[in-house]
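Structure first, commentary second.
The values are calculated or read from the model by the stated rules, or taken from the named source; none is laboratory data. This is a predicted model, so every value here is computed, not measured. Reconstructed Cβ throughout: ideal geometry from the backbone, glycine too, with neighbour counts over all protein chains shown.
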Amino acid sequence: MSMNNRHRIAPICLIILCFQPALAQSDLRQIFAAGEYGQCIETAQQLLAKDPKQAQAHFFRGACLIRLEQYEQAIEPLQAAIKYGFPVNPAHANLLRAYAGSQQEQAFFTLLGQLPASGFANYALLDNQAVFAPYRNHPAFKTAYAQVHDNAFPCLSQKQTQKLDFWLGDWDILNPTNQAKVATSRIYKSQDGCTLYEDYAHQSGFKGRSMNYYDPNDGLYKQVWVDLRNNVANYIETDATEHAITMQAQLANGTLTRTTWAHNPSDDTVLQAAENSTDNGQTWTAGFTGLYVRTTKANPSTEPKQALNAVLKEMEQQFAANQMSAIAMHYTTDAQMLEPGGRIHRGQKAIEAYWQSLDGQGIAWELELLDVASHGQVVSSLVTSHLTYQDQDQAVTAKTRALIIWRKTTDGYRIHRDFFHFIQ
């Protein structure tokens, strides 16, 4: 071999050697994904023998030990992974499993209590890992779970995202002067509560849609309106109270327009009043004004709402008396209950077992019926639940929101589908 060839080969060999650690770490991820946990631990140890500060190798060693249920041995490498800069949330998720599996209860609850503040949002991990089963009924676990769930779905719990929630539902829009119906509107949420949509239809054929949302960049509630004539308006909040909000926009022709939505809790109506200004807000003239009346309220028959309220009141009383089997009888035999995180209880017997697990744990339970829509023999409703329980000698209230589908039977209304999530 000539001297020139030796010079060309040497740099190539050095390049290969430089890439060896990266390739080994890539292999480590693949070995872990393939479920070869013994080989994963061995490969991680080889990497750490060369560089004891490789955070990724520490992490995978700990994660693989957990998969082999060697929980206590996993603690040290996971702590080292955090020390040397591995991303905190996945490291903490595995460390939490290690503490639970090794029955280090104090360390488990200390770390669990710290997770929400770090932005941890993996509520499904808390739901699905069997190693957490002994702790799930502990008040501290329930409190942390609710906070983690809020991290995953912030729009379901943050009040600033709910400034127009009083507008949710199906509405007939009346002329406030003569009570004549002029339009209909359907208001609903999407993106797990982060956007509120309005579908508006006037009797003349005019239609429009708005998307309403809270903008965390400036802390203001906003609306984008688009109609069939391609009129576009970008509204920005100018004022808001508990039962009202005002937003303002500048139209393409320079006109200022502002709209106020005001909720009347006593009769559950919403008054929408628009104003326009052509002199940059010096003077305002009245524009569209509509009184929103829920379609169920426009129907003379209030039987579904009265009946559902009666059932919910009976369930409250049965809970207070620890009559959990009686609560389950309000469900159909093929009912389904969906808990936060995706856990499903199928059938009346499984739902009864769920309620029996709460026997004696609660202090009080209050149910509030928010909205009802009737579809023949099927009725849908929104219900808010306030469950108060004892946590270290203090009363704590958990608030949930449920979409409940009811079936009308010969014995009255029964729950067919019960989907709920934490909002506090």
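Only one entry in 142, 163, 159 is free of Cβ contacts under 8 Å to residues at least 12 places away in the same chain and among the basic types (Lys, Arg), namely 159. Determine whether residue 112 is crowded, with 21+ Cβ neighbours inside 10 Å and farther than 19 Å from residue 152 by Cα. Answer is no for this residue.
The rows are residues; the columns are (1) part of a helix (DSSP H, G or I); (2) surrounded by fewer than 18 Cβ atoms within 10 Å (Cβ to Cβ).
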position	(1), (2)
309	yes, yes
313	yes, yes
316	yes, yes
319	yes, no
325	yes, yes
333	no, yes
337	no, no
340	no, no
353	yes, yes
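Picking from residues in the stretch 228-246 that are among the polar types (S, T, N, Q) and more than 20 Å from residue 168 (Cβ to Cβ), the one that is surrounded by the fewest Cβ atoms within 10 Å (Cβ to Cβ) is 230. Residues in the stretch 204-242 that are part of a strand (DSSP E or B) and of a type in the set (A, V, I, L, M): 211, 220, 224, 226, 232, 233, 236, 240.
The residue list 107, 201, 146, 100 contains one member that is surrounded by fewer than 19 Cβ atoms within 10 Å (Cβ to Cβ) and outside any strand (DSSP E or B), which is 107. Looking across 171, 167, one residue alone is touching a Ser or Thr at 6+ places or on another chain (Cβ under 6 Å), of a type in the set (Phe, Trp, Tyr) and modelled with pLDDT of 90 or more. It is 171.
Selection of the stretch 221-264 for residues being in contact (Cβ under 8 Å) with a residue 40 or more places away in the chain and out of contact with any Pro (no Cβ under 9 Å at 6 or more places or on another chain) yields 221, 237, 240, 245, 261, 263. Among the conditions (1) at pLDDT below 95; (2) farther than 25 Å from residue 421 by Cα, the only one that residue 189 does not satisfy is (2). Scan the stretch 247-265 for residues that are buried (at least 18 other Cβ atoms within 10 Å of the Cβ), in contact with a Leu (Cβ under 8 Å, 6 or more places away or on another chain) and under 14 Å from residue 234 (Cβ atoms) and jot them down. If the condition is that a residue be buried (at least 18 other Cβ atoms within 10 Å of the Cβ), in contact with a Leu (Cβ under 8 Å, 6 or more places away or on another chain) and under 14 Å from residue 234 (Cβ atoms), then 248, 249, 257 are the ones that fit.
Looking at the structure I just gave you, is residue 49 in the same structural domain as residue 114 (by TED's automatic domain parsing), among the small types (Gly, Ala, Ser) and surrounded by fewer than 21 Cβ atoms within 10 Å (Cβ to Cβ)? Yes; evaluated as a whole, the condition is true for this residue.
Is it fair to say residue 141 is touching a His at 6+ places or on another chain (Cβ under 9 Å), buried (at least 17 other Cβ atoms within 10 Å of the Cβ) and not hydroxyl-bearing (Ser, Thr, Tyr)? In short, no. Within the stretch 204-227, if we keep just the residues that are among the hydrophobic types (A, V, I, L, M, F, W, C), more than 21 Å from the chain's Cα centre (by Cα) and farther than 24 Å from residue 294 by Cβ, the residue that is surrounded by the fewest Cβ atoms within 10 Å (Cβ to Cβ) turns out to be 226.
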